[in-house]
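Engineer: So that we are looking at the same thing, I have put the structure below in structure tokens.
The values are calculated or read from the model by the stated rules, or taken from the named source; none is laboratory data. Everything numeric in this text was worked out from a predicted model, so none of it was measured. Virtual Cβ from ideal backbone geometry, glycine too; neighbours counted across all protein chains shown.
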Amino acid sequence: MLINNIKRIHLTFITLIIFIFGVGSTSILAQTYQPEPLTWGLKAGVNVSDFYGDDVNQTDVRSNFSGGILLNYRFNDYWALQPEVIFNIKGADVEDGLTGENGPAEYEFGYLNIPVLAKFYIPTGSLFSPNLYAGPEVGFKLYGDSNNNDIGDELKDTEFGIAFGAGLDFNIGSDPTDFIRTVGLDLRYSLGLTDVFDTSQEPEARNSVFLAAFFLGF
């Protein structure tokens, strides 16, 4: 079940990336756009989360909210650095509980994630800007529930991972007086590299999250 869930997430992720670059490469507009060096933005969307690891057996993914703020610094037409502060709800439904539950467990965890992303933009000569990105991220635990019971003390305070994905920016504001300058779609896969739980059993379980979000750039 876990393998099938991960394969399904990866297939969806790849399909959406292909769609993004198909739109970006075929939408050629006469107007050109000169990006501002420094912008900030708001983003919100949904994520699909799961666990993976040697101690994880049968699981079902969970869909939850994700949202936060970002800062984008463009070095040139191709490269940018984008740190973010994102609130994520993660977790999974597990057939056999990992923290002493008798039977199934529904895990829900709140994290404040801070990724630092290197972004590569593909010039299209249009108002559409497809991009690829990757970078490290650190997550700080906010809360943890299992079957609606608080298990925050049984989670590690921080997790480390990597994030990579693709985006499509539509640059709607070219004048410095325009308040909203960019709208776009962001598709991301975040892979946890450290275990989630901090208990005597020390189960090997890590977060795996696919995120789809819309954003506004100012």
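Engineer: Using the structure shown, decide if residue 48 is exposed (fewer than 15 other Cβ atoms within 10 Å of the Cβ), at pLDDT 90 or above, out of contact with any Asp or Glu (no Cβ under 7 Å at 6 or more places or on another chain) and of a type in the set (Val, Ile, Thr). Steps first, please.
Structural biologist: Working: exposed (fewer than 15 other Cβ atoms within 10 Å of the Cβ): no; at pLDDT 90 or above: yes; out of contact with any Asp or Glu (no Cβ under 7 Å at 6 or more places or on another chain): yes; of a type in the set (Val, Ile, Thr): yes.
So residue 48 fails the test.
Engineer: Just checking, does the stretch 126-134 include any residue being of a type in the set (A, V, I, L, M, F, W, C), at pLDDT 95 or above and either more than 15 Å from residue 191 (Cα to Cα) or assigned to a strand (DSSP E or B) (or both)?
Structural biologist: Yes, there is a match, as at least one residue in the stretch 126-134 is of a type in the set (A, V, I, L, M, F, W, C), at pLDDT 95 or above and either more than 15 Å from residue 191 (Cα to Cα) or assigned to a strand (DSSP E or B) (or both).
Engineer: Provide a single number: the residues in the stretch 44-90 that are closer than 20 Å to residue 141 by Cα and in a strand (DSSP E or B). Walk me through it before giving the result.
Structural biologist: Here is the first cut: in the stretch 44-90, the residues closer than 20 Å to residue 141 by Cα are 44-53, 61-70, 83-90.
Right, trim to in a strand (DSSP E or B) and you get 44-52, 62-70, 83-90.
Going through the stretch 44-90 one residue at a time, the tally reaches 26.
Yes/no per residue for (1) of a type in the set (A, V, I, L, M); (2) surrounded by fewer than 15 Cβ atoms within 10 Å (Cβ to Cβ); (3) touching a residue at least 12 places away in the same chain (Cβ under 8 Å); (4) within 19 Å of residue 189 (Cβ to Cβ):
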| position | (1), (2), (3), (4) |
| --- | --- |
| 77 | no, yes, yes, no |
| 82 | no, no, yes, yes |
| 91 | no, no, yes, yes |
| 99 | no, no, yes, no |
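Engineer: Moving on. Identify, from the list 122, 172, 114, 180, the residue that is surrounded by fewer than 18 Cβ atoms within 10 Å (Cβ to Cβ), farther than 19 Å from residue 50 by Cβ, β-branched (Val, Ile, Thr) and touching a Lys or Arg at 6+ places or on another chain (Cβ under 8 Å).
Structural biologist: Of 122, 172, 114, 180, the one residue that is surrounded by fewer than 18 Cβ atoms within 10 Å (Cβ to Cβ), farther than 19 Å from residue 50 by Cβ, β-branched (Val, Ile, Thr) and touching a Lys or Arg at 6+ places or on another chain (Cβ under 8 Å) is 172.
Engineer: Among what's in the stretch 198-209 and is surrounded by 22 or more Cβ atoms within 10 Å (Cβ to Cβ) and touching a Lys or Arg at 6+ places or on another chain (Cβ under 7 Å), pick the residue that is nearest to residue 132 (Cα to Cα).
Structural biologist: Selected residue: 209.
Engineer: Residue check: is residue 12 part of a loop (DSSP other than H, G, I, E, B), more than 25 Å from residue 152 (Cα to Cα) and either modelled with pLDDT under 95 or acidic (Asp, Glu) (or both)? Spell out how you get there, then give the answer.
Structural biologist: Numbers: part of a loop (DSSP other than H, G, I, E, B): no; more than 25 Å from residue 152 (Cα to Cα): yes; either modelled with pLDDT under 95 or acidic (Asp, Glu) (or both): yes.
No.
Engineer: Is it fair to say residue 103 is part of a loop (DSSP other than H, G, I, E, B), on the phi > 0 side of the Ramachandran plot and not aromatic (Phe, Trp, Tyr)?
Structural biologist: yes
Engineer: Return the total of residues in the stretch 147-169 being in contact with an Asp or Glu (Cβ under 6 Å, 6 or more places away or on another chain), buried (at least 21 other Cβ atoms within 10 Å of the Cβ) and over 16 Å from residue 88 (Cα atoms).
Structural biologist: Of the residues in that region, 1 qualify.
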